[in-house]
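What follows is a short report on a single structure.
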Amino acid sequence: MGLGLLSPARAVTWRGIALVLLVAALALGAGAALRSTEYDETYTRLVTSPEPRPAWPDAVFTPAEAAPVLAAVAGPAEIARNLRETDVHPPLYFWLAGALRGSGPGSVEALRALSVLLSLGAVAAVMSAAGAAGLPPLATGLATALAYGFAYTGGVARGFALAHLLLGIGVLCVVLAWRRRAAGLAGLGGLAAGLASFANYLAAFPAAALLGWLLVAPMPWRDRLRLAAAAGLPFLAVQAANLSFFLPQRESRPGQFEPFAPLPALALLGQFNAANIFGGLPLYLDGAARLAAAAGLVALLGAVALAVAWCWRMLGPTRWLWLGGFAAPSAGLLVLAAASGSTPIELRYLAFAVPFAAALLAGAAAALAERRPRPALAGLALVLAVQAAGSAGMALHPATRQPYRDALAAVAPLLGPDTLLLVPHGNDGVGIVGAVLAEAPRDQPLLLLRRADAAAAPARAAGHARLVLLAITDREGDAQADAARAALRDDPAWVEAGTPWSDPRRGFRATLFEAAPPR
């Protein structure tokens, strides 16, 4: 597309828009198609069902026998009740997911396809907002779609994609409201921004920064107050609805995160903000190559930051909107961590910063191109290429995806009717169990290990020739797997026969036990 990447909205063609959306579809769709079922995606399926925390059998069962539990669908009122009683999320996405599941396609793949479609809408909205703000739409759209954080969260069966879309619509409406001094558009922007937080609470941070920009935007004070009030009222109304869910949920996940410490929290924010834009490239390499990749990414991030700072005044009157939206997720998580005494800082929680960072990057590249077009385009191409590599790794490399599919593929030659798959029940029998049920062969016998009965695994597994203890765990699952492993090692009826799969970086492994030959 050449310098068309840096063209203003009036010079953008439908062909250019279609190419950006095609690239976005490939980046989002590859992750959605190739990555393993994730821990949290089973929560999506079960919180939209009549049994959000199923009482799985104590005896041996198969994924096929569990399928009706995972396929059942609840109505909106029951979903709302499930969320208030068992979860920590607002309802808007789950109502949408429940409606999709109730219409027929209720698999993880169908829910991921929904997320991809919503995310493509988000890319289109972000491009439109950038164009309305005088920034290059195509470069903004590509830098958004290829960013690791957006490509990942935009393809999973969770509420991120819907929140991305609503936040993008909010940005577009607010920018247009500022340009036209239109209170109606400001109200739509505030409603969309509020609904983004009704899909994912953490979207409230960039949404609040977006609406706060109206108080400092370049226009007369009377217009500032009028537009800010028009946007703020629907936004605050949605927050009241959020509170009706958030307050009952406050104590539902104690101990989920590590205790808060300021310096480690700041280090995590720095690390995850970098990965949010460029992905896990160092994780795909070993030794000196890993260090070199990390150093290269730090240098590239530094160069991007310097370019934005150098071109700051040339980014136009909306520059504080984009900077505020970029910084708000980090600032909000830091305040939340300090207030809660824990560290709820994860890469996916920072993904809402991506479109704002993309707009700043695209704006800086366009400003530099006015004087030095070739170096500016080369620099933008380098950034996009690194982003594309990070997103490709997200879809293809095991280092940045959850390991259920890889683990079960590795142990597949050992599975079958004579083999019993031992699976930790985990904290609540949802994340680990659901992912294994989704990825294991439909007729594979498996047995769940709860803390109360994990030590009895040798006796419970009697009658099978082989056992595979699949220790992909959370905190409670660690104790369950350790108890079962120790009991099997101490039981003369079983012999430990190797580790057919392991993930040393995360400490996960599968352990094979075989029935001891009769004496």
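Where a number appears in this text, it was derived from the coordinates with a stated rule and is not lab data. All figures in this text were calculated on a predicted structure; none of them were measured in a lab. As a convention, Cβ positions derive from the backbone with ideal geometry for all residues, glycine included, and neighbour counts pool all protein chains shown.
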Give me His164, His397, His425, His464 sorted ascending by neighbouring Cβ count inside 10 Å, so fewest comes first.
His397, His464, His425, His164
Separation between Cα centres of the range 105-119 and the range 443-459, rounded to whole Å
33
Compute the signed sum of charges (Lys and Arg +1, Asp and Glu -1) over the other residues within less than 15 Å, Cβ to Cβ, of Leu334.
-2
Length gained, Leu247-Ala459, 0.36 nm per residue minus C-alpha separation, equals 71.9 nm
Nearest 500 deg cm²/dmol is fine: what mean residue ellipticity at 222 nm does the chain get from its DSSP H runs of n ≥ 4 alone, each adding -39,500 (n - 2.57), divided by its residue count?
-20000 deg cm²/dmol
Separation between Cα centres of the range 20-46 and the range 331-387, rounded to whole Å:
21
For the chain, calculate the relative contact order in percent as a whole number, restricting contacts to Cα pairs under 8 Å that are 6 or more residues apart.
18
What is the local net charge at Arg181, summed over the other residues whose Cβ is closer than 15 Å to its Cβ (Lys, Arg +1; Asp, Glu -1)?
+4
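What is the extension gain from Trp320 to Asp491, computed as 0.36 nm multiplied by their sequence separation minus the C-alpha to C-alpha distance, in nm to one decimal? Don't jump to the answer; show the numbers that get you there.
Working: separation 171, 0.36 × 171 = 61.56 nm, distance 6.57 nm.
Stretched fully, the Trp320-Asp491 segment lengthens by 55.0 nm.
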Given a Förster distance of 25 Å, the FRET efficiency implied by the Cβ-Cβ spacing of Ala33 and Glu346, rounded to the nearest 0.05, works out to 0.60
Under the 7 Å Cα-to-Cβ spin-label approximation, Leu233 and Leu285 lie apart by a distance in nanometres of 5.6
Quick one: check the C-alpha center-to-center distance for the range 221-279 versus the range 485-519, whole angstrom.
44
Relative contact order as a percentage, the range 404-515, C-alpha pairs under 8 Å and 6+ apart, gives 30
Counting Lys and Arg as +1 and Asp and Glu as -1, what is the net charge of the other residues whose Cβ lies under 12 Å from the Cβ of Gln480?
-1
Where does the chain land on Rg(C-alpha)/(2.2 N^0.38 Å)?
1.04
Among beta bridges that DSSP assigns inside the chain, antiparallel share in %, nearest 5:
65
Please compute the length gained on full extension between Ala409 and Met219, using 0.36 nm multiplied by the number of residues separating them and subtracting their Cα-Cα distance.
62.4 nm
Checked the range 404-515 against the a/c 1.5 cut and the a/b vs b/c comparison, axes a ≥ b ≥ c from its Cα gyration tensor; verdict rounded
